[in-house]
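Notes to accompany the following structure.
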Amino acid sequence: MGSRSDWETMRHAAETLETLGVAHEAKVVSAHRTPQRLVDYATGAAGRGLKVVIAGAGGAAHLPGMAASMTALPVLGVPVESKALKGMDSLLSIVQMPGGVPVGTLAIGKAGAINAGLLAASILALSDEGLAGRLADWRAQQTASVDEAPE
């Protein structure tokens, strides 16, 4: 995430991954304030065994795109809600990547973070049958939790 304050949003991705039994790490890596940390993180991600990167950022939101420019791993961008424009600035910064530097962009805020965790798990489940089963169970539980009758 781009700053410590982004954890309030990004913790939902971490919690989703934890629920599914997916190992993950959480780091503060700012594209603007810690550029060398970003370079080291993104260029070393695959070598450290990462398979997918979830990058959350608010405001100018350059972190997901900059990370994607430095790794061949899939990068999922979560726009963090900003005070000035309620996350629309973050969303537009992340989603407007030039052709050739893809970032899978999710919804603004909590829903986007949860879905980033689910999407990362779906990508990983392509080569992990155990995770595929846990993800299928999670989805079945979600479906079962929807009551057909209005309250």
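The values are calculated or read from the model by the stated rules, or taken from the named source; none is laboratory data. None of these values were measured; they are calculated from a predicted model. Cβ coordinates were reconstructed from backbone atoms using ideal geometry, including for glycine residues, and neighbour counts include every protein chain displayed. Accessible surface areas use protein heavy atoms only, side chains included; no ligands, DNA or RNA. Shrake-Rupley method; radii C 1.70, N 1.55, O 1.52, S 1.80 Å.
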- Task: Scan region 137-151 residue by residue and report those that are closer than 22 Å to Ala107 by Cα and either touching an Asp or Glu at 6+ places or on another chain (Cβ under 8 Å) or surrounded by 10 or more Cβ atoms within 10 Å (Cβ to Cβ) (or both).
- Result: Trp138, Arg139, Gln142
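Quick one: count up the residues across region 67-76 that are surrounded by fewer than 22 Cβ atoms within 10 Å (Cβ to Cβ) and in a helix (DSSP H, G or I). Give the steps one after another, and end with the answer.
Just the residues of region 67-76 that are surrounded by fewer than 22 Cβ atoms within 10 Å (Cβ to Cβ), to begin with: 69-74.
After this cut, where a residue has to be in a helix (DSSP H, G or I) as well, the list is 69-70.
Residues in region 67-76 being surrounded by fewer than 22 Cβ atoms within 10 Å (Cβ to Cβ) and in a helix (DSSP H, G or I): 2 in total.
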- Message: Looking only at residues that are more than 15 Å from Leu76 (Cα to Cα) and among the hydroxyl-bearing types (Ser, Thr, Tyr) in region 7-35, which one is most open to solvent (accessible area, probe 1.4 Å)?
- Response: Thr19
- Only one of His32, His12 that is in contact with a Gly (Cβ under 9 Å, 6 or more places away or on another chain) and outside any helix (DSSP H, G or I): His32
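Does region 12-20 contain any residue that is among the hydrophobic types (A, V, I, L, M, F, W, C) and without any contact (Cβ under 8 Å) to a residue 60 or more places away in the chain? Lay out the reasoning, then the answer.
To start, the set of residues in region 12-20 that are among the hydrophobic types (A, V, I, L, M, F, W, C) comprises 13-14, 17, 20.
Within this subset, residues satisfying the condition of being without any contact (Cβ under 8 Å) to a residue 60 or more places away in the chain are none.
No, there is no match, as no residue in region 12-20 is among the hydrophobic types (A, V, I, L, M, F, W, C) and without any contact (Cβ under 8 Å) to a residue 60 or more places away in the chain.
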- Task: Would you check which residues across region 36-58 are in contact with a helix residue (DSSP H, G or I) (Cβ under 8 Å, 6 or more places away or on another chain) and open to solvent by 20 Å² or more (accessible area, probe 1.4 Å) and list them?
- Result: Val39, Tyr41, Thr43, Lys51, Val52, Ile54, Gly58
- Note on the structure: Scanning region 77-136 residue by residue, those among the hydrophobic types (A, V, I, L, M, F, W, C), part of a helix (DSSP H, G or I) and open to solvent by 30 Å² or more (accessible area, probe 1.4 Å) turn out to be Met88, Leu91, Leu92, Val95, Ala111, Ile114, Leu119, Ile123, Leu124, Ala132, Ala136
